[in-house]
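Asks: Got a structure for you, questions after.
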Amino acid sequence: MSLSRRHALAAGLSLLPALRNASAAESKTLKVGFQKGEGLLMSAKAIKALETALGPKGYSVEWIEFQFGPPMLEAMRVGSIDVGAVGDTPPVFAQAAHADLLYIGAELGPPQSVLLPPGSKITTLADLKGKKLAFGRGSSAHHFALLVLEKAGLRYDEIEPIYLGPADAGAAFERGSIDAWSIWEPYASLFNTRPGVRTLTTNTEIGQQYSFFLGNGPFVRANPALTSAVLEAFTTAGAYAKGHREEVAGILGTATGIAPDVWSRGLAQDPFRVLRMDDAITASQQKVADRFRALGLVPVDVKVSDIVWRASV
């Protein structure tokens, strides 16, 4: 090989890292955390709302599944995902742990219920005193339980909290080893038509809860226009879901193994409405943080407004 050819080859090889870096820079991927029982995000995934909105901006979309909100927010904290949706409680615990996350939007929360097993003698909220009330620790059902206790005039130490995820709580409910169960859809609709099962109350009677769209702090601050486009895509998906509930029930039934007719009942009252963060929603979420702080369930004071992102584009 001639000297000139060697020089040309060496020069070409020296450019490879730069070319690889340029290629990586051009390859942009939005990483979205989702739970397969979350109707709005599953709708967005099914109709490719994000792909349609972000494709012209040079982005592809990667969907990453999580079983619960807390591990999703931990993945977001370390940058493994960029955005995701969770209930009202996991963000409080994440903020208390000093995670650099931002509230980027909200959604009117789906129905939650307190179910009673067959043979229960409970007839009023006050009858929960001294009873075993099950819910997932740090979940939106945990917060709903606190709202129920407030309505009943009961302190947290006047019930026996039983911390169980949906599968284990469902088994305990069927065995009769818990007295009541605070749970979200579709589990409420899965159980409340069984013989003898009663619904003590729902958040229709107790009070509105929100779910939230959150983003990794560094990602959101670096990409405000993209973050706004993501929220617009979620809004599009919400409108689709509201007008195609039976189709969404089928999507969720396939994803979860829970019958579509159960999902149809569970989705019947879901508003599928995406909201921008405002003072009222921030104040509502601050009350969630304050409830958990007052009980010592989070170790530090949390100021929700510190991590609220407001779109400026």
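The values are calculated or read from the model by the stated rules, or taken from the named source; none is laboratory data. All values reported here derive from a predicted model rather than from experimental measurement. For neighbour counting, all protein chains shown are included, and Cβ atoms are generated from backbone atoms with ideal geometry for every residue, glycine included. Only protein heavy atoms, including side chains, enter the accessible area calculation; ligands, DNA and RNA are left aside. Shrake-Rupley method; radii C 1.70, N 1.55, O 1.52, S 1.80 Å.
Asks: Taking the stretch 170-210, which residues are surrounded by fewer than 20 Cβ atoms within 10 Å (Cβ to Cβ), touching a strand residue (DSSP E or B) at 6+ places or on another chain (Cβ under 8 Å) and within 19 Å of ARG273 (Cβ to Cβ)?
Replies: Scanning the stretch 170-210 gives THR202, GLN208, TYR210.
Asks: Failed condition for GLY130, given (1) small (Gly, Ala, Ser); (2) outside any strand (DSSP E or B); (3) within 23 Å of ALA268 (Cα to Cα), with all others met?
Replies: GLY130 satisfies every listed condition except (3).
Asks: Taking the options GLY109, GLY136, GLY87, name whichever one is under 19 Å from ILE281 (Cα atoms), at pLDDT below 95 and touching a His at 6+ places or on another chain (Cβ under 9 Å).
Replies: Only one candidate qualifies: GLY87.
Asks: Out of all the residues in the stretch 279-292, is one or more closer than 27 Å to GLY37 by Cα, touching a helix residue (DSSP H, G or I) at 6+ places or on another chain (Cβ under 7 Å), touching a residue at least 12 places away in the same chain (Cβ under 8 Å) and among the basic types (Lys, Arg)?
Replies: Yes, there is a match, as at least one residue in the stretch 279-292 is closer than 27 Å to GLY37 by Cα, touching a helix residue (DSSP H, G or I) at 6+ places or on another chain (Cβ under 7 Å), touching a residue at least 12 places away in the same chain (Cβ under 8 Å) and among the basic types (Lys, Arg).
Asks: Show the residue pairs meeting these rules: Cβ distance below 9 Å; 6+ apart or different chains; first residue within the stretch 169-186 and assigned to a strand (DSSP E or B); second residue among the basic types (Lys, Arg) and surrounded by fewer than 21 Cβ atoms within 10 Å (Cβ to Cβ).
Replies: Within 9 Å, the pairs are ALA180/LYS131; ALA180/LYS132.
One line per residue, one yes/no per condition, for (1) touching a helix residue (DSSP H, G or I) at 6+ places or on another chain (Cβ under 7 Å); (2) closer than 19 Å to PHE272 by Cβ; (3) of a type outside the set (Ser, Thr, Tyr):
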position: GLN67; (1), (2), (3): no, no, yes
position: MET72; (1), (2), (3): no, no, yes
position: ALA75; (1), (2), (3): no, no, yes
position: VAL78; (1), (2), (3): no, no, yes
position: VAL86; (1), (2), (3): yes, yes, yes
position: GLN95; (1), (2), (3): yes, no, yes
position: ASP100; (1), (2), (3): yes, no, yes
position: LEU108; (1), (2), (3): no, yes, yes
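Asks: For the stretch 118-138, which positions are closer than 17 Å to GLY196 by Cα, in contact with an Asp or Glu (Cβ under 9 Å, 6 or more places away or on another chain) and open to solvent by 10 Å² or more (accessible area, probe 1.4 Å)?
Replies: SER120, LYS121
Asks: Can you pull out every residue in the stretch 187-221 that is in a helix (DSSP H, G or I) and either free of Cβ contacts under 8 Å to residues at least 12 places away in the same chain or not aliphatic (A, V, I, L, M) (or both)?
Replies: TYR187, SER189, PHE191, ASN203, THR204, GLU205, GLY217, PRO218, PHE219, ARG221 - these are the residues of the stretch 187-221 that are in a helix (DSSP H, G or I) and either free of Cβ contacts under 8 Å to residues at least 12 places away in the same chain or not aliphatic (A, V, I, L, M) (or both).
Asks: Sort through VAL78, VAL32, VAL86 and tell me the only one that's aliphatic (A, V, I, L, M) and open to solvent by 30 Å² or more (accessible area, probe 1.4 Å).
Replies: VAL78
Asks: Quick check on ARG245: is it within 20 Å of LYS48 (Cβ to Cβ), open to solvent by 30 Å² or more (accessible area, probe 1.4 Å) and of a type in the set (Lys, Arg)?
Replies: Criteria met by ARG245.
Asks: Of everything in the stretch 183-205, what is over 17 Å from LYS121 (Cα atoms) and of a type in the set (A, V, I, L, M, F, W, C)? Give them in sequence order.
Replies: ILE183, TRP184, ALA188, LEU190, PHE191
Asks: Does PHE93 satisfy being assigned to a helix (DSSP H, G or I) and touching a strand residue (DSSP E or B) at 6+ places or on another chain (Cβ under 6 Å)?
Replies: When the stated conditions are applied, PHE93 does not pass them.
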